[in-house]
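Scroll down for the structure; my scribbles are underneath it.
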Amino acid sequence: MTWIDSIIEGSSMALGAIRANKLRSALTILGVVIGVATVMAMASIVTGLRQQIVNTLEVVGPTTFRIVRFFSQTPLNPDALPREVRIRPVLKPEEAEAIAALPQIAYSAIWTQVFERLEHGPVRTQLVSVFGADERFMEILGGTLIAGRSFTIAEARSGAPVVILERRAVDKLFGAMSPLGQAVRVGGRPLRVIGVYAKAENIFEPPGPEIAAIVPFETARRSFRYDETNALIILVKPRPGISVHEAMDAATVQLRRMRGLRPGEPNTFDMITSDQILSIFDRLTGAFFLVMIVLSSVALMVGGIGVMAIMMVSVTSRTREIGVRKAMGATRRDVLWQFLVEAASLTGIGGALGILLGLAAGEGLKRLLGFEAGVPWWSAALATAVSVGIGLAFGLLPANRAAKLDPVEALRYE
């Protein structure tokens, strides 16, 4: 008998065992299905999020870097800042302007972000994200201005009471009516709408308030309360032909000079590049993905134990059949191979169903969360290999037990 015949015969016997023990087989397969589907769903979420961040960094520009008061992977409590943060000066507009004047720099501006409600007449939104930026904000956010105009330099510098609304906010507040020239209340402050902005479709927004409005930085600074540590940032773009490191060195020298830092004294600010943001995300999602892999492995382990139990029962119930096969010339290797193929077939079915469920879950997440990436192909390949491997590993003990049966004793078994 060739190995192909053995696989076909083993698969046929596996299907027979499933039909004969429907409930036990279904519960066994369910553990494999859940484990495989979980791996694929988590891979889909992580891949989709990473692709969204990569797309956003491409919009902003891979060379854009950020200057912050203190870099922390988790937001700091502004009411209980550690001393190492308190001793650092707050970022100032003058510092962004001084960096912008450097010959290596194409763009530099200070931004802030606050969370407020928008109101127009009786309509009121939930808390939304409002950026305080400059008139060149689209160089960072991407997107297009679909109606009206951007801020003038005079409006940006004077903190004029003007606002540019994002398209979705316009739909909520004004419906089909034009918002241009109308007044809206942002956090209770009346501002005049001068433009409508459509953000880039691929810009990444973490769970939370959506970007709904952009106001001049000076307007935000005078009108709203904001977090001077977590919500202030200087965005910097180098000129074409200037590397990120050259631009960062030039900005560092400028800031140290403005802050009166002597040689040997540490910087009182932090700089973050796009690569650092991506590496931080990879570390965070890597830990998250590892936890989910461990949890899904438990389900796969349960499925594997179920496979072993079913195969043990199968060996016991088919003892006479094994004795007949051995009496007719089947070798120990033939019997071992038969039961290994049967176990692998059982988990292979669970893996196939899990892959189908994982693909469906990935597509659902893609539509629900607006991801561009679906289920990565490597997760399907990994899931298939793991499910079959589980069957082989946990089927080895019962298969080895069947192969060691003495044919004479097996034929006497009742």
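Values as computed for the structure displayed
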{"read-out": "Förster-model FRET efficiency, 30 Å R0, Arg86 and Arg192, C-beta, rounded to 0.05", "value": "0.20"}
{"read-out": "Order of Asp79, Asp171, Asp227 under a 10 Å beta carbon neighbour criterion, fewest first", "value": "Asp79, Asp171, Asp227"}
{"read-out": "Separation of the Glu363 and Asn400 label points, Cα + 7 Å toward Cβ, nm", "value": "4.3 nm"}
{"read-out": "Bins of 10 Å from zero: percent of alpha-carbon pairs in segment 70-268", "value": "8, 32, 34, 19, 6, 1, 0"}
{"read-out": "Packing-based order for 233-242, 256-265, using average beta carbon neighbours within 10 Å, highest first", "value": "233-242, 256-265"}
{"read-out": "FRET efficiency for Ala176 and Glu97, using Cβ-Cβ distance with R0 set to 41 Å, rounded to 0.05", "value": "0.50"}
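No value in this document is a laboratory result; all are computed from the given coordinates. Source: prediction; values computed, not measured. In this analysis, Cβ positions are derived from the backbone assuming ideal geometry, glycine residues included, and neighbour counts consider all displayed protein chains.
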